[in-house]
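Beneath this line is the structure, given in structure tokens, with notes to follow.
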Amino acid sequence: MNDKQLKQNLLRELAEISVPQDHDPWQAMQARIQKDSLRETPVELPYRSSKIKRFKLVPAVFMLLIIVTVFFLFASPQGKTLAQGILRFFVPTQTVEESSQPSPTPLPVVEISLPANASVTVNTNPSLENTQAKVNYPLMQLSSLPQGYYLESTTVDQERATLFYKNDKTGISLWLEQLPLHGATPEPVDVGAAAEIKTAQVGDDYAEFVQGSFYGEEGDWNSSSGASFLRWQHDDILYTLSAVATPTSNPVSEAALLAMAQSLTNDLSVKQPVDPSHLSNLADAEKLAGFKLILPQAMPSGYQFDFATVEENTGFVCLQYAYNGAAYPSLFIRESTTSPLTELQAGQNNSLERLNVEIAGNEHEAEYVTGFRSPPNACSTQNDIFRASQALLWEAKGIRLELYATFSSPEGGPGLSEEQMISLAGSISDALSADQMLADTNSYNSLSDAELASGYHIQEPSKLPLGSTFNTIHLLGVSSMTLFINTQFGVPNLRLYQCPVQNAADTPCQLLTEEIPDGVKIPVQVGNVNAIYAEGALGKEASEADSSWHQVDVSQTQRLYWQTGDWIYLLVSTGEGIDRSAMIEIANSISER
């Protein structure tokens, strides 16, 4: 081994091991230098004593340089950055193909732990203090984010903590993952051979950035997928900051991710500025609106408060409710003390119909409206209210109120009837506080807790698509729904309904399958029982006067349902990354415990 090779080998091997702060590398260096030096052929020169031999001057100088270099590498922040820079957080694969469009390869289905026994804890009403209590290292949060981002949930899986942020305006999802290494080398992440890995710095720490992703394990690398990743190590913690954009939003840039990463702090008391477009706390909404909101005493089964929006330039506050953890809200309550009720206009190809109705306990008549065009700039910049197909407008206690809901939509649940709309309006009063409204007594983060409350065994799959994880269980009367979200790829999201055969009418299993046309039903087998698979959802496009079944819908909905014993099961998937065979494989993994 020559001097150049010796130097390169030493630098490479030292960079591949994690060196503790108090470690003195001299002993290991000395032993290695002596070992490799013995392989060199010494040249005998004139000497003053027969017992003294001198080696070549050049190798000795190089060895001295190596010692100085090693000291520099581990004794200064700049040196540590350089040493760590030889590490690779991302490793290009040997595959050279790159696809500009994701291939339709489904994500592989992998074994998971049942939520009753898993170490994963999901907090959908996130408290960073509670998350900190579950890990034995200082939890970090992003103290500075662009406007529109908010902390939606936190997850703890053994020692791995993940903070999940969303931006409803852009649709961008953001994950901050923290993992102790315990002195181990960070495991690199595979990227495509065509991926451009950029080096950067987060503080004094070496970092790597890459844009793009594989579509599943066997899919091609797509640098235009909208995914961005930044990875770095500080002390003994590996950090990964990931962002996934929607097809209509721009990917998060290297500069943007670096700015977020530079804002990391272990001060969990730091709060993000209040964003009027997304308020998870109704007290904040009341403060910004300048009046006390009046709230429903009871909600239809399955609907939970999602967030509130203080609308710009309209004077309305919009309370938004989602059905069973759906990706978007489908029930809206707008309130204002300064603006008049909205004069709804006829929708395209629709006939505007108005009907005066009475609300129990209210001195004013209400107007029930269908066939309208959604009011502009209402409820959110995403205009989720466009899905609403019916409205109820009235006044109570000096507040103008507008209630909007869907009859039916892919993730909006079974929808509400006119009678349910009127009943809901009658339940609205100022008797409840904002804190009471935020509590969801039918939602559980633990399988055992949900079973204790329901009084029966809730079945769960033992297999899910790669990246999917248990989120929550919702009790819906005599039925249950378990929500699984994909924290790695964003999609697909899965909902498993379990409904009793007895009294099956009006359960989610019936309401979400009764309108599937016979022509799209495909007979399949789940285990040894017959099942039905169907793609699509009921919806209405601008050119349609009435709702119809769309086999290819915007949410890419798939359904699989079957009966086992005294229970009906319905598995609903939304988003790409899953196909019929994967749905059947998941269903087959559901077994009696």
Legend entry - Residues being closer than 18 Å to E111 by Cβ, modelled with pLDDT under 90 and not small (G, A, S) - total across region 448-470: 4
Legend entry - Test: Y404 is within 13 Å of F332 (Cβ to Cβ), among the hydroxyl-bearing types (S, T, Y) and in a strand (DSSP E or B): yes
Inset, instruction - Scan region 265-302 residue by residue and report those that are farther than 30 Å from L475 by Cα, among the β-branched types (V, I, T) and modelled with pLDDT of 80 or more. - result: T265, V270
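For region 283-304, which residues satisfy the criterion of being part of a strand (DSSP E or B) and either within 16 Å of E402 (Cα to Cα) or over 24 Å from the mean Cα position of the chain (by Cα) (or both)?
Kept after step one, since they are part of a strand (DSSP E or B), are these residues of region 283-304: 295-296, 303-304.
Once the filter is applied, which keeps residues that are part of a strand (DSSP E or B) and either within 16 Å of E402 (Cα to Cα) or over 24 Å from the mean Cα position of the chain (by Cα) (or both), region 283-304 yields L295, P296.
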Inset, instruction - Determine, yes or no, whether L163 is closer than 30 Å to T309 by Cβ, touching a Leu at 6+ places or on another chain (Cβ under 9 Å) and either in a strand (DSSP E or B) or touching a residue at least 12 places away in the same chain (Cβ under 8 Å) (or both). - result: yes
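What residue, of S228, S242, S253, S249, is among the hydroxyl-bearing types (S, T, Y), surrounded by fewer than 19 Cβ atoms within 10 Å (Cβ to Cβ), under 30 Å from Y137 (Cα atoms) and outside the structural domain of S380 (by TED's automatic domain parsing)?
On the way: S228 fails: surrounded by fewer than 19 Cβ atoms within 10 Å (Cβ to Cβ); S242 fails: surrounded by fewer than 19 Cβ atoms within 10 Å (Cβ to Cβ); S249 fails: under 30 Å from Y137 (Cα atoms).
Sole residue among the options that is among the hydroxyl-bearing types (S, T, Y), surrounded by fewer than 19 Cβ atoms within 10 Å (Cβ to Cβ), under 30 Å from Y137 (Cα atoms) and outside the structural domain of S380 (by TED's automatic domain parsing): S253.
Would you check which residues across region 334-386 are part of a strand (DSSP E or B), at pLDDT 85 or above and closer than 27 Å to K292 by Cβ and list them?
Kept after step one, since they are part of a strand (DSSP E or B), are these residues of region 334-386: 334-336, 345-346, 353-358, 365-370, 372-373.
Those still in the list that are at pLDDT 85 or above too: 334-336, 345-346, 353-358, 366-370, 372-373.
Within region 334-386, R334, E335, S336, V357, E358, A366, E367, Y368, V369 meet the criteria.
Residue under question is E196, and the condition is that it be part of a loop (DSSP other than H, G, I, E, B), closer than 20 Å to L258 by Cβ and acidic (D, E); does it hold?
Details: part of a loop (DSSP other than H, G, I, E, B): yes; closer than 20 Å to L258 by Cβ: yes; acidic (D, E): yes.
So E196 passes the test.
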Inset, instruction - Keeping to region 279-288, report how many residues are within 17 Å of E335 (Cβ to Cβ) and surrounded by fewer than 22 Cβ atoms within 10 Å (Cβ to Cβ). - result: 6
Inset, instruction - Evaluate the following for G226: is it out of contact with any Lys or Arg (no Cβ under 9 Å at 6 or more places or on another chain), farther than 30 Å from N377 by Cα and at pLDDT below 90? - result: no
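The values are calculated or read from the model by the stated rules, or taken from the named source; none is laboratory data. This structure is a prediction, so every number in the text was calculated from the model and none was measured. Because the Cβ atoms are built from the backbone with ideal geometry, glycine has one as well, and the counts that use them run over all protein chains shown.
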